[in-house]
1. Per residue of the chain, what 222 nm ellipticity follows from adding -39500 (n - 2.57) for every DSSP H run with n ≥ 4, rounded to the nearest 500?
2. Say R0 is 25 Å: what FRET efficiency, to the nearest 0.05, do THR69 and MET1 get from their beta-carbon distance?
3. Could you work out the relative contact order of the stretch 2-73? I mean the mean sequence separation of Cα pairs under 8 Å and 6+ apart, divided by the number of residues, in percent.
Amino acid sequence: MQAFLIMLSGLWIDLDHLLANPVFDPNRCSINFHPLHTYIAITFYILLLIPKKTRLIGLGLVIHILADTIDCSLM
Ligand SMILES: [Zn+2]
């Protein structure tokens with residue numbers, strides 16, 4: 001159940017990628033491009049890690065952001 005929640009929040013943030021045109025662009029950095037990938041949003045995800053209730057959701061979101069950040073640094 002916990003892993004499911006983490007996965008779900010990771011998938012939810014992926015909707016952001018689907019709104020972009022083109023959906024996938026290997027030369028584009030998602031960070032600060034999509035509305036859910038801005039520094040303000042990232043700050044919010046980190047804040048979600050603090051309360052126990054939202055920690056798993058926050059974790060899923062932060063993991064997604066980290067994965068995108070790695071993608072960007074590999075360009
Ligand atoms: Zn992303």
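Bear in mind that the values in this text are calculations on the coordinates, not laboratory data. Computed from a prediction, not measured in an experiment: that's the story for all the values here. Every residue, glycine as well, gets a Cβ built from its backbone with ideal geometry; the counts of neighbours run over all protein chains shown.
1. Working: 3 runs with 47 residues, N = 75.
Using -39500 (n - 2.57) per qualifying helix, the result is -20500 deg cm²/dmol.
2. On the way: r = 28 Å, r/R0 = 1.10.
About 0.35, to the nearest 0.05.
3. Working: 72 pairs, mean separation 29.3, N = 72.
This gives 41 percent for the stretch 2-73.
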